[in-house]
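To keep things clear, I will list the structure first and then write my remarks on it.
The values are calculated or read from the model by the stated rules, or taken from the named source; none is laboratory data. Quick caveat, the model's predicted, so the values are computed rather than measured. Cβ coordinates were reconstructed from backbone atoms using ideal geometry, including for glycine residues, and neighbour counts include every protein chain displayed.
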Amino acid sequence: MFRWILALVAIAAASLAVPVLAQTPPVFSKGFTPPTITVSGQSTLVYTLDNSANGAAATAVDFTEVFPPGMTIAPTPSEATTCIGGTLTAVAATDTFSYTGGEIPASASCTVSVAVVVNAIGSYPTTSGDLTSSFGNSGTASATLVAVIDQNLSVTGIYAPSLTAASTLDIAVQNLSATDAVNAPIEISVTGTNSGTVTVSETIALVPANTTLIYTTANAFDLSADSAFAFEATTPSSNLANDTFISDAWRTSPVKEDFEGRTVASYQQDSLLPEVPGFSYLQSSAGGRITLRTDFDPDGQRILSMDNPGAGGLNHTILSFDATSIPAGQEIFLDFNWYDHGDEGDFQDIVELRGSPLDPWIEIYDFAANSNNGAWTNVNGIELTAFLTANTQTLTDQAQLRFSQTDNFPINTDGISLDDIVVGPSLKFSKAFAPSLVALGDSSTLTFFLNNNNGTLDSMGVDFIDNLPAGMNVATPSNASTDCAGGTLTASDGAAVIIYTGGTVPAGTSCTVTVDVVTSLPGGLVNISGDATSSAGNSGPAEATLIVTDLPIFTKAFGPNPTQVGVPSTLSFTIDNLDNVVSVTALDFTDPLPAGMVVATPANASTTCLGGSITAAAGSSSISYTGGSVDLGTVCSVSVDVVVQEPGNYLNTSGDLTSSLGNSGPATDTLVVDSVPLDFSKSFAPVGTDVGVPATLSFTIDNPNAAQALSLAFTDVMPAGLVVANPANATNSCIASTLVANPGSGTIELTGGEVPASDFCVISVDVVSDQPGIFDNITGNLTSNMGTSAPATAQLIVGADVPSLTMVFTPVSTPVGVPSTMTLTLDNTTNAAPALDAAFGNALPANLAVAAVPNASNTCGGTLTAAAGTVSLSGGTIPANGSCTVEVDLVSAIPGVYTNTTSTLTTSFGTNSSAQATLTVIGDVPVFHKAFGAPMTPVGAPVNLIFTLDNSANAAPASNATFTDPMPAGLVVANPANVSNTCGGIFDAGPGNGTVTLSGGSVPASGSCTISVSVVSNLPGDITNLTGDLTSSLGNSGPASASLMILGTPPQFTIGFNPTTIAPSEPSTVTFTIDNGSTPIAATGLAFSVTLPPGLWFVEPVAPVDTCTGGTVSVVGDTLSYSGGSVPANDSCSISVQVTAASGAYTLSSTLNSDLGSSPSSDATAGLSVMAFPVPTLSNWGLLTLMLLMGLMLVIGQRRLFA
């Protein structure tokens, strides 16, 4: 028994230490099955409650969800759960579902489910309320259900009941599904020819299963602004290929469509045919194609073809038309031509009709039954009203014809082409000219055809008016007549209008109205009459074209005109057929050229006319062209180059141009041929000479013409004192000329010379004078067959000085890279005449070059070249009794002394010596440095500030060295200043001053100097000291900079326990605090170490907390170390760690080291006390257990006592 008591005591003791494990709330989620439904379907919403993480059951399980608008509980909720117990609340057609009082088994999961429905398509995101239980709040669960409409909807027709500013549309929508379509979306587009496209989206509430209904749009459209509209409706969710229906603007009857003038195009998807009003294209299955083309048509014009370029396809070409212009009770007919490309045997190869877009289609023609492979078939007189009456339909303002074709091959083996589609009343109206081509001024008979052959009713009250086009009138006489019954024909001679009224065309017959017309304008005269109206309705206009020809216009022109002798001019003959609508053939003409004009070599004969033959032999005097033609509405030309050797006006008149249209007469133009007078000039060489020393007088005759110059002649009477030298040394390159230049004579004469085309000749004679002076020599006029040239003039100076050349540099000394201006002066002050052809060259010495911006200037004229290492002048002029200058900036990147020498100066007065000057190029500016004697210093401790001026790179000394150094706040000159100066000048550095200056200093060539001064700071921190610029005679060296760290006081280091007293084995946090709050600079290199005394240990796991910057905390055994950290200026940081002990009192101390010094160890001491082991206490369960044990022991003791 005692052993049992001990066991119970042990159990009670165990209750003191075993904790109760905490439970986590169950995981709550949900989902829809299926996640996507139709609006008529339903989905099961399943909630999952997962308690697998807990070893105990979760009780009091509750949640509620309110569904979003449009979602409710299904008519049969089918609510269910696999959880234990609880209450499900799910009322059909309501939006709230709940589960309360349930239980989730331990280490398991369970589900709750309910069926839901929606009333419209769309996305339904849902979120429940919170799931709560005995284990807490599990939060919400979310899932999304998507609802779509039932498939298989299509649009089969669109109808606009009115064309007003607020018109609704009626749309036929078919539901091929076995289920109702609820809230079906539909997109409607209305496109006006001018007003653009309006697109709206609407929803159709219900389209019952297997039903077609007429839906009237909720939106109204403005159908009053434009003359034509296109309507399109689409059901986006349908899975049918023909869910899009396109309706074009309706064409008013009668419809006459031959596709002429329509752009060639191809379509392979549902679309309007923008080039053909009233027509649209619809594919009922993929693979088809519709094309506007030109091949296969009998007259090579436009047709519309339906075929298949790949897989099989069903094509529909739809014509929408307004038939209300046909009076009630009258007939309306369909005529068309079709071409059978082969294999037209499908039952869907048909033509269909319906009275409106909302009516079913009626078959009216079978292509397969009338197949005629590889040929055109004319279908005439299909009476449409009879088909509609038989099918209880009526013609409306939106009637439609559908041409359908199915095939499996492209157009070359299968398909149908359509042309000349006519929809109109029984009376057909047309017209024609006979002949259809006449010459200008001739007459033609205009016949109007009124055809009622297909009609079963008489067409009465036949009226039409024909306003003739410009250039066409009723002939005189008109020969107007008609074989129609009754009616009045008005066609007055010379009138521009034809009127017929009141006629009758009996059923099954036709008649004509004829009038002769005459033309006054060439071209294709298109005659479109007004509509022919009758009791049968509006038969529309009639159209015919009369082609009127005129003679081509024949002209000619020279180009260029005028031209020069010997220079070819292109003679162009133009044949203008622009106004004709027929081509002209048999073009012939001959042109005999005027005397003196011949075909050039080469002739460059060419033509833009069609065919024909040009005869134009080089050097001949005749041009001919035969057998050519020119297309209608075009211009062509014949071109030949001609040339003339003598100036004058050349009138050229050709022979007549004849052609298939008659005689166009001759063409005339005049070519003006000019010549340019010869260029005549003279010169002396040299222009200055000494007394008795000959100079050469040269005459130059230049012929700029393309023809040879003949009969040259001039006379030169020289001024007194100037005569032909002995010997004369005369030369003459002019052809076939006679030169007279006798020694001692004052006259020179040339006669009978010639100069080839574009060439020149020169005559030279030596002349001499026995007296000094300036001789102005003017010849007489030069005459030739090219006209008279002005006299030639030249000047000779006898007894002239040779001009001189000098050079200077400004400045004569310049730093490296700084330009100096070189000035060259050409001096002619001693001569009374200008010096011509002044020239010199200057190859610059090595490393001296023209500056990048040369700033070149030249008052001497001629050509100045200044680039890289060369400066030169050519063709200059030095004024009489004056001078001129050339200036160029030169530069060097290498210091040194540069001696620059030009070539000799040459002028018309002779050659003089060269010019020379020296330029000194100074090296770089001195280098300016500064530095502190130590990188750091404590507050109040002096340190040397050293300035260095380095001129070692320069061969010249730097003088007037000057700078100012405004030191940063807190930094001043120490006392004493301890100034040391090897730079000379004045260095101002008074103790206590915050600025030091140097003025008037100097630095030796290729050397350096220094200045040193002691400075001190009363503020800690990092400072940067930047001087002002150092300037000197060598330029600006810029500033100098140096940095210094002023050390402050070390951070304060403290240690503290929290709490300072603990029970045995309880933790206490020891914190090492580093306080840098009183120092304006950061403390770096933080380091300390502490070893715990015996009996004190770190709490496991050891997890130090470090708020300092960087650094490494290391705990090894009973030692904690910290190194490499930092603390910002005016801030603090700490490192903390938990320790514990069994009993006793403990003291910790340490020293902090940093770049600011060591913190005193007396500041970093702290104590910790550990209480004796506390008396154990019992929990409530432990006390209860102990009481029970004590009671049990009492009972046992009593029993033993009484035993």
So residue 417 passes all but one of these: (1) modelled with pLDDT of 90 or more; (2) polar (S, T, N, Q); (3) part of a strand (DSSP E or B). Which condition number does it fail? (1)
Within the range 214-224, is there a residue that is loosely packed, with under 14 Cβ neighbours inside 10 Å, in contact with a strand residue (DSSP E or B) (Cβ under 6 Å, 6 or more places away or on another chain), at pLDDT below 85 and under 19 Å from residue 155 (Cα atoms)? yes
Exclusive hit being in a loop (DSSP other than H, G, I, E, B), modelled with pLDDT of 85 or more and over 30 Å from residue 535 (Cα atoms), set 476, 392: 476
Mind checking which residues of the range 981-1007 are part of a strand (DSSP E or B) and of a type in the set (Ser, Thr, Tyr)? 995, 997, 999, 1002
Output for the range 1026-1044, where each listed residue is crowded, with 19+ Cβ neighbours inside 10 Å and over 20 Å from residue 953 (Cα atoms): 1027, 1044
Qualifying position, being modelled with pLDDT of 95 or more, closer than 30 Å to residue 878 by Cβ and not assigned by TED's automatic domain parsing to the domain that holds residue 827, among 766, 770, 776: 766
Filter the range 1043-1089 down to the residues that are over 16 Å from residue 1129 (Cβ atoms) and touching a helix residue (DSSP H, G or I) at 6+ places or on another chain (Cβ under 8 Å) and list them by number. 1053, 1054
Residue selected from the range 1012-1061 under the condition at pLDDT 90 or above and not in a strand (DSSP E or B), by the criterion nearest to residue 965 (Cα to Cα): 1027
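Matching residues to (1) among the basic types (Lys, Arg); (2) under 43 Å from the mean Cα position of the chain (by Cα); (3) modelled with pLDDT under 85:
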| site | (1), (2), (3) |
| --- | --- |
| 132 | no, no, no |
| 152 | no, no, yes |
| 158 | no, yes, yes |
| 167 | no, yes, yes |
Among the residues of the range 935-952, is there at least one that is among the hydrophobic types (A, V, I, L, M, F, W, C), in a loop (DSSP other than H, G, I, E, B) and free of Cβ contacts under 8 Å to residues at least 60 places away in the same chain? no
Does residue 640 satisfy the condition of being part of a strand (DSSP E or B), closer than 20 Å to residue 591 by Cα, at pLDDT below 95 and under 58 Å from the mean Cα position of the chain (by Cα)? no
Within the bounds of the range 719-727, is there any residue that is outside any loop (DSSP other than H, G, I, E, B), touching a residue at least 60 places away in the same chain (Cβ under 8 Å), over 60 Å from the mean Cα position of the chain (by Cα) and more than 25 Å from residue 837 (Cβ to Cβ)? no
Which of the residues spanning the range 540-593 are assigned to a loop (DSSP other than H, G, I, E, B) and among the hydrophobic types (A, V, I, L, M, F, W, C)? 542, 551, 565, 567, 578, 581, 582, 593
Kindly provide the set of residues from the range 765-783 that are in contact with a Leu (Cβ under 7 Å, 6 or more places away or on another chain) and either of a type in the set (Gly, Ala, Ser) or within 12 Å of residue 732 (Cβ to Cβ) (or both), ordered by number. 765, 769
Over the range 610-633, the set of residues in a loop (DSSP other than H, G, I, E, B) and under 16 Å from residue 661 (Cα atoms) is 631, 632, 633
Could you tell me how many of the residues in the range 797-816 are surrounded by 16 or more Cβ atoms within 10 Å (Cβ to Cβ), in contact with a strand residue (DSSP E or B) (Cβ under 7 Å, 6 or more places away or on another chain) and not in a strand (DSSP E or B)? 4
Over the range 653-702, the set of residues small (Gly, Ala, Ser), more than 30 Å from residue 640 (Cβ to Cβ) and either free of Cβ contacts under 8 Å to residues at least 12 places away in the same chain or surrounded by 14 or more Cβ atoms within 10 Å (Cβ to Cβ) (or both) is 681, 683, 685, 688, 695, 698
Check the range 848-868 and report whether any residue there is at positive phi, without any contact (Cβ under 8 Å) to a residue 24 or more places away in the chain, out of contact with any Pro (no Cβ under 6 Å at 6 or more places or on another chain) and not hydroxyl-bearing (Ser, Thr, Tyr). yes
Would you call residue 791 at pLDDT below 95 and of a type outside the set (Asp, Glu)? no
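Quick grid of which residues meet (1) among the polar types (S, T, N, Q); (2) modelled with pLDDT under 90; (3) touching a Cys at 6+ places or on another chain (Cβ under 6 Å); (4) at positive phi:
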{"residue": "396", "(1), (2), (3), (4)": "yes, yes, no, no"}
{"residue": "402", "(1), (2), (3), (4)": "no, yes, no, no"}
{"residue": "410", "(1), (2), (3), (4)": "no, yes, no, no"}
{"residue": "427", "(1), (2), (3), (4)": "no, yes, no, no"}
{"residue": "471", "(1), (2), (3), (4)": "no, no, no, yes"}
{"residue": "491", "(1), (2), (3), (4)": "no, no, no, no"}
